[in-house]
Each structure stands twice: as structure tokens, then as C-alpha cells.
């Protein structure tokens, strides 16, 4: 379904409101911002401690780390961690190429 | 002074920030947005790198694995391939919307066809806001002064309170 073509904006707005309410989006965004901003503010020291690993941050705590992202997320799900509030970050010391291009 | 906007267009301005990608590296422009995948009834805040050179807006595993169960990736839309400097990446397309925060705490929602990178790809990239969205306006980047400003010209945008 393309909402570019959807005329009923009110219906769309209702749908979005239902989803964001169900996910407690605005409340969880406040906590997630705290988690993500902690990573940004402490990236250098975290990189030295967890070099070339993924870390999971909840507020100001490192609640998990692993070299494999899928394994880390599986551990978080198993432990019942609040995924909506967690920031994940790869602490790499090397430059990552970032250009992307669609290949038809 | 005459406006260069058509009568049905409204200009919206959103602000981002610069963050380092790695120790000693250059600052990269980011914007904090809300992402909703309505087919999965899921929404999440995501920090997206502003990438005018990317054809598509992408959601990367560091964000999608917190939104979707691993089994749900097989339910995503049409698979396709993205080319990056490091090679090709398998991905899926999925309809969704990106929400930008307005200064009055309302949210301006823009429909997007996300390119969702295969979580088994090993990608450690940030999600990116690409030219499929940025082409509808002006992007101002000034690393020296830490300015990331996106102005979009939108027709009948969906605005909701936060």
C-alpha cells in the first residue's frame, strides 16, 4: 500500500497514532535518546574498552557486548531487556565506507 | 518577495547534528527521526545519517533487529541488492514512514519505501536518510559550525502531535 496515493489522511493519521501509542513511541524515545547520547558522549573510552565489538546501552549502562550483532540481540531478547530503550553501536577503530547505490 | 512554492506546498525545516563515526574520524551528519513500519505495527526512534549520495533510505540491522523478530525479516517486501564501496548487500524493501520533529513538538510524517538490509549481512552501517527523501528540498551541511538542516517542500503532509 502506498500512502503517497492514500487520500484519506485522517485514516492514515489514526493508524499512525494507534501504532505509536501501542509502541509507547514518545516515552521510549526519551529513554532511547539518553542511551544513544551516552554512546556519543563516551565513544572514545568505550571504544578502548570494547574495541571492534557491538555494545548495547540502556540509559548509561552497558548491558551487553559481543562481536556478533545477531548474537548480542538474541542475548538481549532472552534476558528480557527493554529493546525499545536500547542503543546498539559498533565500536570500530577503522573507517567504514558508507556510500550506497541502488542496483536495479 | 514572491514565494517559489506552489500553492499546495509547505516548507518544513528539520535540524540534525554531527557525530564522529570512529576515533579521529570526521563528523558525520545525522538526524534523529521516528520510523514506523505500519505492516508490522512497529515504530522506533532512529538516528539516521544524512546521505545525499545514497539513492535510498535504509534501515540497518542495528535498528531493525530491535524492531523486528528475526523470523519477521522473511515477511518483508521485495528483495533487492545495494551496492556499497565494500561490495553488494542483500536487502528488502518495505513501505513505512519517517517522522521528523517540528519545533512545536509535533511530528511531520513522510512516506518512504525503506531499504532494509539483511540482518545476516554483517553490516555495521548506520541507517541512512537518502536522496529519495532529500530530493524534495534543500539540505544544508556545515561541519565547521555543526549545522545539519533539512528543508523539505511537502504537499499535504501528515502532522500529528507527539
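The values are calculated or read from the model by the stated rules, or taken from the named source; none is laboratory data. A quick note: this is a predicted structure, and the numbers were derived from the prediction, not measured. We place every Cβ from the backbone using ideal geometry, glycine too, and count neighbours over all the protein chains shown.
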Test set (1) modelled with pLDDT of 85 or more; (2) facing chain A (nearest Cβ under 7 Å); (3) over 13 Å from the mean Cα position of the chain (by Cα); (4) buried (at least 19 other Cβ atoms within 10 Å of the Cβ) - residue B:41 fails condition number | (4)
Can you tell me which of B:91, B:71 is out of contact with any strand residue (DSSP E or B) (no Cβ under 7 Å at 6 or more places or on another chain) and more than 27 Å from residue A:26 (Cβ to Cβ)?
-> B:71
Take the residues in the stretch A:38-91 that are more than 17 Å from the chain's Cα centre (by Cα) and within 8 Å of chain B (Cβ to nearest Cβ), then tell me which one is nearest to residue B:120 (Cα to Cα).
-> A:47
Return yes or no: is residue B:68 part of a loop (DSSP other than H, G, I, E, B) and at pLDDT 95 or above?
-> yes
Counting only residues that are modelled with pLDDT under 90, in contact with a helix residue (DSSP H, G or I) (Cβ under 9 Å, 6 or more places away or on another chain) and in a strand (DSSP E or B), how many does the stretch B:20-33 have?
-> 1
Among residues of the stretch B:126-158 being under 23 Å from residue B:73 (Cα atoms) and in contact with a helix residue (DSSP H, G or I) (Cβ under 8 Å, 6 or more places away or on another chain), the residue nearest to the other protein chains (Cβ to nearest Cβ) is B:126
Collect the residues in the stretch B:122-153 that are in a helix (DSSP H, G or I) and surrounded by fewer than 17 Cβ atoms within 10 Å (Cβ to Cβ), keeping them in residue-number order.
-> none
